[in-house]
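Heads up: the structure comes next, in structure tokens.
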Amino acid sequence: MFEQTFKNIDDILHKDAGCGSELDYVEQTSWILFLKYLSDLEKDKQTAALLTGKTYTTLLDNSYQWSVWAAPKLDNGNIDHNAMTGDDLVDFVNEKLFPYLKKFKTTAEHPDTIEYKIGEIFSELKNRIQSGYNLREVINLIDQLRFRTHAEKHEMSHLYESKIQNMGNAGRNGGEYYTPRPLIRTIVKVVDPKIGDTIYDGAVGSAGFLCEAFEYLKSRGRGDLNGRPDNGRPNLSTKDTEILQKKTFFGKEKKSLAYIIGIMNMIFHGIDAPNIIHTNTLAENLSDIQEKDRYTVVLANPPFGGKERAEVQQNFPIKTGETASLFLQHFIKILKAGGKAGVVIKNTFLSNTDNATVAIRKELLTACNLHTVLDLPGGVFSGAGVKTVVLFFEKGAPTQKVWYYQLNLDRNLGKTNSLNEADLADFIELQKTKADSPNSWSVDVSEWLIPSSASLKSPENQTYDLSVKNPNKKEEVTLRTPQAILEEMKALDKESALIMDNIQLIIDNE
């Protein structure tokens, strides 16, 4: 039901003059979906209140409720044919509905309420659907969707993720909006957050890391002493549920569209009032971060290849225009002592020899225990065109030994042949003991951090080079056939003869 509805909506928006790309389709579908979702949420709360003998006051005034302006119903359950459409509908949405919802940001009691998030969402976007008839068709389709049962919400969250993936696959936005979920789930499993942790993503994008961490904690509960849920069932108390809803997940996002999608994605996954702030994370001065601002877990995939202005670089002790390098400094600083992190970054960070990158690598190795590096093949990020690694580290003790795992697959990754969890199963299993294998090995880096005449003699040690060099994999040298060598020798002989003839001709003409 959901999948076909989404396809039909895209077909309608494709015809509308105000929507020109997959990004517009997701944005416009999002705000209408949200209002329908909110309507169903309110119905659930009204039902719950009736069962306990209480009264429930709806968030929205009557004229702005979904059942009044969007989908007034006849007695047979069909939408009233007199429902607003055309210019009347567009005028109502643009001139009344959006301004009304935007005001919730200033009237809400606290930022961690659903009222505040309503205000934020409708302050950040606008209706781009120009035809009121197209808007009416979209509303009618979305009204058919239900978000009442757990199964319906689960299906909705997965299909919304697929919409975000389509945005990523649209081209240049591959790594910006969508990190492959098998990779995120693997990172979350290795970092292994617990209920009570505060989990942070300063480049939140579509909030994939926070959503997957939520699903991970929700499914595991507090677990027994071995880290497994008791009797195979999550043992979440009411207090645990409240902690997960309000005190666990935090994020920041600079771009408006990604910010909206991130909030929507978390709401569809079951977090009613996501703690995501619309701000440029890198505009925060690192020296202003205090203990109260720190988190116990960082999960992130900061933007690849971005550049920041000189005034932003002034917020960091190690100045560089490379966005990802600034984010890594931010993550190290904002982690609590003993905190854990899993961060995706371009593989060139491991070996670049510019002063800033060398200094950040030294800071990472001295302030944190960089215990694991996962080297990913090309094609993991559709449309991004870069090779990446995942850095797993814990703050508070210097690095002694780094365990590397090189993901070698027997196929090329792409849109139709993407990374899956089975590809990463061997990594997850070996990482538990950091065992050696044909694809994994350990490097002792402790001597790099101890000044000595031996270490100072090595240029590589001075740059803290962490590049991936698998000692178990011999370089394959392609040997040419004797016939190919003879053919090349003949070609070179012909070229030499031609040169000699030209020289002789010059001499003869003098």
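Just to verify a number: FRET efficiency for Ser467 and Arg128, C-beta to C-beta distance, R0 = 51 Å, to 0.05?
Approximately 0.65, to the nearest 0.05.
Which FRET efficiency, nearest 0.05, do Thr47 and Gln290 yield, Cβ-Cβ r, R0 41 Å?
E between Thr47 and Gln290, to the nearest 0.05, is 0.40.
What list do you get for Met156, Met266 if you sort them by fewest beta carbons within 10 Å?
Listed from fewest to most nearby Cβ atoms, that is Met156, Met266.
Within 10 Å of each residue's Cβ, count the other Cβ atoms and sort Ser67, Ser325 from fewest upward.
So the residues, fewest neighbours to most, are Ser67, Ser325.
Based on the Cβ-Cβ distance of Ser442 and Glu215, what FRET efficiency does E = 1/(1 + (r/R0)^6) give at R0 = 35 Å, to the nearest 0.05?
0.65
Which pairs, out of Lys307/Lys340; Lys163/Lys239; Lys45/Lys218; Lys117/Lys255; Lys36/Lys189, put more than 25 Å between their alpha-carbon atoms?
Lys307/Lys340; Lys163/Lys239; Lys36/Lys189
How much of the DSSP beta bridge set in the chain is antiparallel, as a percent to the nearest 5?
The antiparallel proportion sits near 55 percent.
Straight-line reach only, C-alpha to C-alpha below 16 angstrom: list the aspartates and glutamates that Lys292 could link to, leaving out same-chain residues fewer than 8 apart.
Result set, ordered by chain and number: Asp197, Glu284.
Quick one: which residues, 5 or more positions from Val298 or on another chain, have an amide H under 5 Å from its amide H? H modelled 1.01 Å from N in the peptide plane, none for Pro or chain starts.
Residues meeting the amide H criterion: Tyr200, Lys340, Ala341, Gly342.
Relative contact order of the chain, please, whole-number percent, based on alpha carbon pairs below 8 angstrom and at least 6 residues apart.
Here the relative contact order equals 11 percent.
Between Thr348 and Ala425, what is the spin-label point distance in nm, taking each point 7 Å from the Cα along the Cα→C-beta axis?
Those two pseudo-labels are separated by 3.6 nm.
For a label point 7 Å from the Cα of Tyr56 along Cα→C-beta, name the residues of region 104-124 whose backbone N is under 16 Å from it.
Residues passing the 16 Å test: 114-115.
Among the DSSP beta bridges whose two residues both lie in region 160-462, what percent are antiparallel, rounded to the nearest 5?
Given both bridge residues lie in region 160-462, the antiparallel proportion sits at roughly 55 percent.
How many percent of Cα pairs in the chain exceed 41 Å?
Everything past 41 Å amounts to 32 percent.
Could you work out the local net charge near Gly119, counting Lys and Arg as +1, Asp and Glu as -1, over the other residues with Cβ closer than 9 Å to its Cβ?
Counting the neighbours of Gly119, the net charge comes to +2.
Quick check: residue separation of Tyr100 and Leu74 times 0.36 nm, minus the Cα distance between them. What number comes out in nm?
Contour length minus Cα-Cα distance gives 6.7 nm.
All other residues with a Cβ under 9 Å from the Cβ of Val389 taken together, and with Lys, Arg as +1 and Asp, Glu as -1, what is their net charge?
Net charge in that neighbourhood comes out at +1.
Where does the chain land at 222 nm, in deg cm²/dmol rounded to the nearest 500, when only DSSP H runs of n ≥ 4 count, each adding -39500 (n - 2.57), divided by all residues?
One gets -13500 deg cm²/dmol as the mean residue ellipticity at 222 nm.
Using the alpha-carbon atoms, what tilt in degrees (0 to 90, nearest 10) does helix 323-334 show relative to the longest principal axis of the chain?
Its long axis makes an angle of about 70 degrees.
Considering only the other residues whose Cβ falls under 12 Å of the Cβ of Ile129, what net charge follows from Lys and Arg at +1 and Asp and Glu at -1?
Here the charged neighbours net out to 0.
What distance in nm lies between label points placed 7 Å from Cα along the C-beta direction at Thr433 and Glu495?
Going by the 7 Å Cα→Cβ label model, 5.5 nm.
We did not get these values from a lab; they are worked out from the coordinates using the rules stated. Note that this is a predicted model, so its numbers are computed, not measured. FYI the Cβ positions are ideal-geometry reconstructions off the backbone, even for glycines, and counts take in every protein chain you see.
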